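So the structure is just underneath, and the comments pick up after that.
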Amino acid sequence: MNQSTPNPAKVELNFKPIRMKLHFAIILFVLLSAFVLYFFMPVISIRFVGWAVALAFCMLPFLSVKRIGKIVRIAYMFLALFIVLAPIVSSGVFRARSYRNLIGEVKSTDFTELISPIKLDQIPVVDRSFAASLAEKKLGDDFALGSRVTLGWPTRQMVKGELYWVIPLLHSGFFKWMTNISEGTPGYIMISATNPQKIDFVREINGKPILIKYQANSYFNQNLHRHLYLNGYVTRGVGDYTFEIDDDGEPYWTATVYDHKIGVLGSEAVALAVVHAGTGKISHYPMIKTAEGWSDEKIPAWIDRVQPAEFVLLQLDWWGKYVRGFWNTVFGKRDMLMVTEGYNIIYGNDERSYFYTGMSSVGNDEGTVGFMLTDTRSKRTHLYRMSGATEYAAQMSAQGKVQNFKYSATFPILVNMNGIATYFMTLKDSAGLVKQFAFVSVKDFSIVGVGESIKAARDNYQMTLASSRIGTIPEGTAQKITFTGTIARVGVDIKEARAYYYISISEKPGKIFIATTNLSSYLPIAKAGDTISIEYLETEDLETNLTALKITNLE
């Protein structure tokens, strides 16, 4: 026999270990892949980097197989290059214009077109921390329940025209979940954002108990993210889970479905997934791209939020940062803007919710050049240009007004005070209890009005405003009324060492007009029968602060 001819038996023996190793590697690869997909849930898309890291981990068993191991090492090199280079190529150094345009068209608009003048009974006086504290007390009334559940993140939502904080009950741990797999947690707590006395523990709807089975605090297939991942959401990012209820009180989780629009970066909401908290039924609502931006017409009206706040704030920051490209952010920084620290959600006269944040010049810590209002559903963004104080500066000014009490101010809410942009905030003591309220002018944060009630704070603010250099001339379309009549009755009330005059006019029955001697030094000697010429801004309130006053028969 020719010595160069291989022995078939020996060849079979040489390849058998290789095949065994290959079979073992394949089995281990499949097991690792199943483990990674189930527990780590990477997004399987070229626009996400996580899939490359997951693949590199799952391919580890093949390194022990000769020949295939060499191919795997080459694959590792390409994966490493992708993981390192893809974020660099997708960064603002190369794609500054794309980042600036991601927010869409920014329209300059009149503030009063979006935000209606305030009504005292509709101002949200309960912030998130206060709502959580009230919910804790309500939950504490049921000691047995409080020991096995915990409160979720409070969400402010418009329900049938009223603002509420809605807080779900969640599992307090793995073993608590184990004992309640079939039933979940029982219900949610609703707290009025305008009336802290109005608290409801909703356990059932029409006699049917509310059971929240699917939640972030559940495990395995009841985990909210895994439930979505295993039901078709493998190739898209899913996040920003928000607990909302429909108009019938049914509990749902809303989750933003997003993609990366600038290489492997630049997150953009493309759809909304809605999960019934009890049954787990998933409804998918795509966002429709139009010439004017994203359309949310297919999404149910009861859902307040589609866009994640972190996406919107980041895109607003890019809009101001890349105004002149990337290199301007390094050298010169001309015309650059940045979002101020913090944000809030306010509701417009269209009953839609908006993200509110100020915009300031880079390097300016206390002043704004305007503020942004971004629709939380469609992401349509409006810019209201106006120089003024940042939210932080307004908070410090309000706290300074009551510094003897050492109250702390909550993050401001932007309100429309008869056409004038105004910050509203509550003042709390060290125990977190609301003690006073404050209004601060956006244009001039030295103009502050405080009081133990919202009305008292509003009156104090408007009086201070009327006597300031700014005055009460509205920025928008609030109607200014001029009228001459006869005084029917006049009275005086002393508040905080200041005299407030309350005037009724024969020709305006049912209305009371409020003024101080800043408007007329003849007020203290005015009496019934005197002729009075007044000026004020039209409101629905029965009590109205005057912006100008003249007692004609005396002056």
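Looking only at the stretch 125-149, how many residues end up being in contact with a Leu (Cβ under 8 Å, 6 or more places away or on another chain) and open to solvent by 50 Å² or more (accessible area, probe 1.4 Å)?
The number of residues fulfilling the criteria is 1.
Which condition does residue 345 not pass, out of (1) farther than 30 Å from residue 211 by Cβ; (2) within 19 Å of the chain's Cα centre (by Cα); (3) crowded, with 17+ Cβ neighbours inside 10 Å, if it passes all the others?
(1)
Give the residues of the stretch 80-124 that are aliphatic (A, V, I, L, M), over 20 Å from the mean Cα position of the chain (by Cα) and open to solvent by 20 Å² or more (accessible area, probe 1.4 Å), sorted by residue number.
80, 81, 83, 84, 85, 88, 89, 93, 118, 120
Of all residues in the stretch 429-457, count the ones that are open to solvent by less than 20 Å² (accessible area, probe 1.4 Å) and touching an Asp or Glu at 6+ places or on another chain (Cβ under 9 Å).
Result for the stretch 429-457: 4.
Considering only the stretch 225-247, how many residues are farther than 15 Å from residue 38 by Cβ and in contact with a Gly (Cβ under 9 Å, 6 or more places away or on another chain)?
Number satisfying all stated conditions: 1.
For (1) polar (S, T, N, Q); (2) at pLDDT below 90; (3) surrounded by 12 or more Cβ atoms within 10 Å (Cβ to Cβ); (4) in contact with a Phe, Trp or Tyr (Cβ under 6 Å, 6 or more places away or on another chain), each residue gets a yes or a no:
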site	(1), (2), (3), (4)
503	no, no, yes, yes
518	yes, yes, yes, no
521	yes, yes, no, no
524	no, no, no, no
530	no, no, yes, no
539	yes, yes, yes, no
543	no, yes, yes, no
548	no, yes, yes, no
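Would you mind telling me which numbered condition in (1) open to solvent by 10 Å² or more (accessible area, probe 1.4 Å); (2) among the hydroxyl-bearing types (Ser, Thr, Tyr); (3) under 29 Å from residue 46 (Cβ atoms); (4) under 21 Å from the mean Cα position of the chain (by Cα) residue 254 fails?
The failed condition is (1).
Any idea which of (1) over 30 Å from residue 210 (Cα atoms); (2) over 18 Å from the mean Cα position of the chain (by Cα); (3) surrounded by fewer than 17 Cβ atoms within 10 Å (Cβ to Cβ) is the one residue 310 doesn't satisfy?
Result: residue 310 passes all but (2).
Quick check on my filter: what residues within the stretch 541-555 are under 16 Å from residue 454 (Cα atoms) and not hydrophobic (A, V, I, L, M, F, W, C)?
541, 543, 544, 545
Looking at the stretch 281-301 only, could you name the residues that are open to solvent by less than 50 Å² (accessible area, probe 1.4 Å) and out of contact with any Phe, Trp or Tyr (no Cβ under 9 Å at 6 or more places or on another chain)?
Within the stretch 281-301, 293, 294, 295 meet the criteria.
Given the residues 370, 363, which is the only one that is within 21 Å of the chain's Cα centre (by Cα), at pLDDT below 95 and at positive phi?
Every option except 370 fails the conditions.
Scan 41, 59 and give me the residue that is surrounded by 14 or more Cβ atoms within 10 Å (Cβ to Cβ) and in contact with a His (Cβ under 7 Å, 6 or more places away or on another chain).
41
Mind listing just one residue for me: the one in the stretch 265-280 that is touching a Phe, Trp or Tyr at 6+ places or on another chain (Cβ under 7 Å) and open to solvent by 10 Å² or more (accessible area, probe 1.4 Å) and, of those, farthest from residue 204 (Cα to Cα)?
In this case the residue turns out to be 267.
Restricting to the stretch 374-425, give me the number of residues that are closer than 30 Å to residue 258 by Cα and in a strand (DSSP E or B).
8
Is the stretch 440-455 home to any residue that is in a helix (DSSP H, G or I) and modelled with pLDDT under 95?
Yes; the residues of the stretch 440-455 include at least one that is in a helix (DSSP H, G or I) and modelled with pLDDT under 95.
Determine, yes or no, whether residue 494 is modelled with pLDDT under 90, open to solvent by less than 60 Å² (accessible area, probe 1.4 Å), assigned to a strand (DSSP E or B) and not hydroxyl-bearing (Ser, Thr, Tyr).
For residue 494, the condition - modelled with pLDDT under 90, open to solvent by less than 60 Å² (accessible area, probe 1.4 Å), assigned to a strand (DSSP E or B) and not hydroxyl-bearing (Ser, Thr, Tyr) - is not met.
For residue 194, are the conditions met, namely being more than 24 Å from the chain's Cα centre (by Cα), open to solvent by less than 70 Å² (accessible area, probe 1.4 Å) and hydroxyl-bearing (Ser, Thr, Tyr)?
no
Just for the stretch 228-237: of the residues that are within 25 Å of the chain's Cα centre (by Cα) and open to solvent by 20 Å² or more (accessible area, probe 1.4 Å), which one is farthest from residue 44 (Cα to Cα)?
233
The values are calculated or read from the model by the stated rules, or taken from the named source; none is laboratory data. Small disclaimer: the values here were computed from a predicted structure and weren't measured. Glycine gets a Cβ as well: all are built from the backbone with ideal geometry, and neighbour counts include every protein chain shown. Keep in mind that these areas ignore ligands, DNA and RNA; they rest on the heavy atoms of the full protein, side chains included. Shrake-Rupley method; radii C 1.70, N 1.55, O 1.52, S 1.80 Å.
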